[in-house]
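S.K.: Got a structure for you, written out below as structure tokens; questions coming shortly.
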Amino acid sequence: MALKQISSNKCFDGFQKVFEHDSLELKCKMKFAIYLPPKAENAKCPVVYWLSGLTCTEQNFITKAAFHQAAAENGLIVVAPDTSPRGCNIEGEDESWDFGTGAGFYVNATEDPWKSNYRMYSYVVDELPHLINGNFPADPDRISIMGHSMGGHGALICALKNPGKYKTVSAFAPICNPLQCPWGQKAFTGYLGSDIKKWEAYDATHLVKTYSGSQLDILIDQGKDDQFLAAGQLLPDNFIAACTERKIPVVFRLQEGYDHSYFFITSFINDHMKHHAKYLHA
């Protein structure tokens, strides 16, 4: 699979790069960002996958989150894909900010006209890691996943649906129970149709109720002043209750005064990078 380098910037003695490639899953050109720490020059490094939220591209996390120093110090490759296919010329893909372009919701769509291109779940879990492992000094046995909002939802479901694949998972203000929130109901209806069983396969609160894989220590930070928490879009209490019932370890931190923005992410990103380093270097 040919990769085309779009940009490369030295950062904390490593390199922040962006590449473009033709995606087989999504049937379009896709960009992803990858940070290569200094250690990657002479050794294979573990990989943290970051999934962004609604409206984002591969750029938001790498320009706003200030994760590079912690990644460099802990010898972590960090990969940030885009949030949806781009330029597929599907009718309606650009009509709203919370569905279609920039809003792939990390599912494999089953409904027309989305099902041919909108396969972000398989892209993140299968195609992208295959690409990273084949082209960079990545250790395929040491990977983890994290994300924000829609991407927090993505990170949680990827980890819960693939026991043992990811060493750990963390999230900032994740959409925890999409079956029960307006964002999730809109996206799932469009991508997956009306069959609730299909929805349950991509809902972290539902998935955790039947999770029986290797232990997964989950870290979640949530801003207390997040407008989307107040609006009932995130529903972390439902997820925490399900984890507690199943005795799945989750550290949930409600952060006083913080909102849904990257200012919130930047404030706690070092804690998350340390969390991932702990399990990836264990």
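The values are calculated or read from the model by the stated rules, or taken from the named source; none is laboratory data. Small disclaimer: the values here were computed from a predicted structure and weren't measured. Cβ atoms come from the backbone with ideal geometry, glycine included; neighbour counts cover every protein chain shown. Please note that ligands, DNA and RNA were not included when accessible areas were found on the heavy atoms of the full protein model with its side chains. Shrake-Rupley method; radii C 1.70, N 1.55, O 1.52, S 1.80 Å.
S.K.: Looking at the stretch 12-33, I want the residues that are more than 20 Å from residue 119 (Cβ to Cβ) and have a partner that is open to solvent by 30 Å² or more (accessible area, probe 1.4 Å) and outside any strand (DSSP E or B) with Cβ atoms under 7 Å, at least 6 apart or on another chain. Which pairs are those?
M.R.: Close Cβ pairs (under 7 Å, with a partner that is open to solvent by 30 Å² or more (accessible area, probe 1.4 Å) and outside any strand (DSSP E or B)) amount to 12/69; 13/38; 14/38.
S.K.: Looking only at the stretch 167-186, decide whether some residue is at pLDDT below 95, within 20 Å of the chain's Cα centre (by Cα) and open to solvent by 50 Å² or more (accessible area, probe 1.4 Å).
M.R.: No: zero hits.
S.K.: Suppose we filter 257, 223 for residues that are modelled with pLDDT of 95 or more, open to solvent by less than 20 Å² (accessible area, probe 1.4 Å) and within 30 Å of residue 73 (Cα to Cα); which single one remains?
M.R.: Step by step, each of 257, 223 is checked, and only 223 is modelled with pLDDT of 95 or more, open to solvent by less than 20 Å² (accessible area, probe 1.4 Å) and within 30 Å of residue 73 (Cα to Cα).
S.K.: Under 7 Å between Cβ atoms, at least 6 apart or on separate chains: pull out the pairs that start in the stretch 188-200 with a residue that is farther than 20 Å from residue 161 by Cα and end on any residue that is part of a helix (DSSP H, G or I) and open to solvent by 20 Å² or more (accessible area, probe 1.4 Å).
M.R.: Taking only residues 6 or more apart or on different chains, not a single pair turns up.
Listed here are the residues, each with its yes/no results for (1) at positive phi; (2) surrounded by fewer than 22 Cβ atoms within 10 Å (Cβ to Cβ); (3) outside any strand (DSSP E or B); (4) not acidic (Asp, Glu).
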position: 9; (1), (2), (3), (4): no, yes, no, yes
position: 15; (1), (2), (3), (4): no, yes, no, yes
position: 22; (1), (2), (3), (4): no, yes, no, no
position: 34; (1), (2), (3), (4): no, no, no, yes
position: 48; (1), (2), (3), (4): no, no, no, yes
position: 55; (1), (2), (3), (4): yes, yes, yes, yes
position: 75; (1), (2), (3), (4): yes, yes, yes, yes
position: 88; (1), (2), (3), (4): no, yes, yes, yes
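S.K.: Mind checking whether some residue in the stretch 82-96 is under 13 Å from residue 147 (Cα atoms) and hydroxyl-bearing (Ser, Thr, Tyr)?
M.R.: Yes - at least one qualifying residue is present in the stretch 82-96.
S.K.: Name the one entry in 83, 110 that is in contact (Cβ under 8 Å) with a residue 60 or more places away in the chain, open to solvent by less than 10 Å² (accessible area, probe 1.4 Å) and either small (Gly, Ala, Ser) or out of contact with any Asp or Glu (no Cβ under 8 Å at 6 or more places or on another chain) (or both).
M.R.: Residue meeting the stated conditions: 83.
S.K.: For the stretch 229-254, name all the residues that are open to solvent by 30 Å² or more (accessible area, probe 1.4 Å) and over 18 Å from residue 210 (Cα atoms).
M.R.: 229, 230, 231, 235, 251, 252, 253, 254
S.K.: Is the stretch 204-217 home to any residue that is over 24 Å from residue 110 (Cα atoms), out of contact with any helix residue (DSSP H, G or I) (no Cβ under 8 Å at 6 or more places or on another chain), part of a loop (DSSP other than H, G, I, E, B) and modelled with pLDDT of 95 or more?
M.R.: No, there is no match, as no residue in the stretch 204-217 is over 24 Å from residue 110 (Cα atoms), out of contact with any helix residue (DSSP H, G or I) (no Cβ under 8 Å at 6 or more places or on another chain), part of a loop (DSSP other than H, G, I, E, B) and modelled with pLDDT of 95 or more.
S.K.: Moving to a separate point now. Restricting to the stretch 57-69, what's the tally of residues that are open to solvent by less than 10 Å² (accessible area, probe 1.4 Å) and part of a helix (DSSP H, G or I)?
M.R.: Residues flagged as open to solvent by less than 10 Å² (accessible area, probe 1.4 Å) and part of a helix (DSSP H, G or I) within the stretch 57-69 amount to 1.
S.K.: If you don't mind, there's one more thing I want to ask. Return the pair list, or none, for Cβ contacts closer than 7 Å from residues in the stretch 242-266 that are more than 8 Å from residue 222 (Cα to Cα) to residues that are part of a loop (DSSP other than H, G, I, E, B) and among the aromatic types (Phe, Trp, Tyr), at least 6 apart or on different chains.
M.R.: Correct list of pairs: 246/211; 248/211; 264/258.
S.K.: Return yes when residue 186 is part of a loop (DSSP other than H, G, I, E, B) and basic (Lys, Arg) and no when it is not.
M.R.: no
S.K.: For the condition over 21 Å from residue 125 (Cα atoms) and not in a helix (DSSP H, G or I), what is the one hit in 263, 239, 252, 268?
M.R.: 252
S.K.: Go through the stretch 105-123 and give me each residue that's in a loop (DSSP other than H, G, I, E, B) and more than 18 Å from residue 199 (Cβ to Cβ).
M.R.: 113, 116, 117
S.K.: Report the residue count in the stretch 94-104 for those that are open to solvent by 10 Å² or more (accessible area, probe 1.4 Å), more than 13 Å from residue 186 (Cβ to Cβ) and either part of a strand (DSSP E or B) or touching a Lys or Arg at 6+ places or on another chain (Cβ under 9 Å) (or both).
M.R.: Of the residues in the stretch 94-104, 1 are open to solvent by 10 Å² or more (accessible area, probe 1.4 Å), more than 13 Å from residue 186 (Cβ to Cβ) and either part of a strand (DSSP E or B) or touching a Lys or Arg at 6+ places or on another chain (Cβ under 9 Å) (or both).
S.K.: I would also like to ask the following. Kindly indicate the residue of the stretch 187-204 that is open to solvent by 10 Å² or more (accessible area, probe 1.4 Å) and among the aliphatic types (A, V, I, L, M) and also nearest to the chain's Cα centre (by Cα) among those meeting that condition.
M.R.: 201
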